[in-house]
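**Q** The structure under discussion is supplied below as structure tokens; questions concerning it will follow.
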Amino acid sequence: MATITATNINSATGAVTATRTTLGSSDTFTFNTSYNPVLILDNVTAGALTVTIDGDGGTTVPVKGVGSVSVTGGYSTGSIAAGACVVIQLNTIFEYLKGTIAVTGGTGIKATLIEYR
């Protein structure tokens, strides 16, 4: 299990070298709510992959007009085509990121986690 290490660009001037992590079968990262974290998933593999991001502390979330919605299955990116790159603003999916986070289904994808204030 690899840890996706964040690159903090808060006090950066000019270009910054981002840390990229090649995903395995199950990886993790720390979700820092005081920053505006962005996770970039670059599918450099030869096939489409679907990544699931799941915090083990997520249960149900009340949604106005809908009722309780389960987040226990994690957040799915949907199919990421070979050669495609997706960007996820993590503060928009924070309910899925409670507890210890597992990133699965993305073996071979290059992941970059950017944080800034």
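The values are calculated or read from the model by the stated rules, or taken from the named source; none is laboratory data. Every value quoted in this text rests on a predicted model; they were computed, and no experiment measured them. All Cβ positions, even for glycine, are placed from backbone atoms using ideal geometry, and neighbour counts span all protein chains on display. All accessible areas refer to the heavy atoms of the entire protein, side chains included, with ligands and DNA or RNA removed. Shrake-Rupley method; radii C 1.70, N 1.55, O 1.52, S 1.80 Å.
**Q** Dividing the Cα radius of gyration by the Kirkwood radius, what Rg/Rh value follows for the range 71-117? Could you put the intermediate results ahead of the total?
**A** Numbers: Rg = 11.7 Å, Rh = 12.5 Å.
Expressed as Rg/Rh, it is 0.94.
**Q** A follow-up question, please. Which residue fluctuates most in the GNM of the chain (Cα springs below 10 Å): Thr60, Thr17, Thr50?
**A** Sorting by GNM fluctuation, first place goes to Thr17.
**Q** Hey, another quick one. Hey, any idea what Rg/Rh is for the range 11-56, computing Rh the Kirkwood way over Cα pairs?
**A** Values: Rg = 13.5 Å, Rh = 13.6 Å.
Ratio of gyration radius to Kirkwood radius for the range 11-56: 0.99.
**Q** Starting from the Cα-Cα distance between Asn32 and Lys110, subtract it from 0.36 nm times their residue separation and give me the gain in nm to one decimal.
**A** Going from the current span to full extension adds 26.1 nm.
**Q** Where the convex hull is taken over the Cα atoms of the chain, what is its projected area averaged over directions, in nm²?
**A** 7.8
**Q** Sticking with this one: So, for the chain, what is the accessible surface per residue at a probe of 1.4 Å, expressed in square angstrom? Could you put the intermediate results ahead of the total?
**A** On the way: 6200 Å² over 117 residues.
I get 53 Å² per residue for the chain.
**Q** While we're looking at this one, here's another question. Please identify every one of the trypsin sites (Lys or Arg not before Pro) in the range 29-112 that sits in a loop by DSSP and has no more than 14 other beta carbons within 10 Å of its own beta carbon.
**A** In loop regions of the range 29-112 (DSSP not H, G, I, E or B), the sparsely surrounded trypsin sites (Lys or Arg not before Pro) are Lys64.
**Q** Still on this structure: Chymotrypsin sites (Phe, Trp or Tyr not before Pro) within the range 23-117: which are DSSP loop residues with at most 16 other Cβ atoms inside 10 Å?
**A** Taking the range 23-117 and a limit of 16 other Cβ atoms within 10 Å, the loop chymotrypsin sites (Phe, Trp or Tyr not before Pro) found are Tyr116.
**Q** If you don't mind, another one. At what distance in nm do the modelled label points of Ala81 and Ser11 sit from each other, each positioned 7 Å from its Cα along Cα→Cβ?
**A** In this crude spin-label approximation the distance works out to 4.2 nm.
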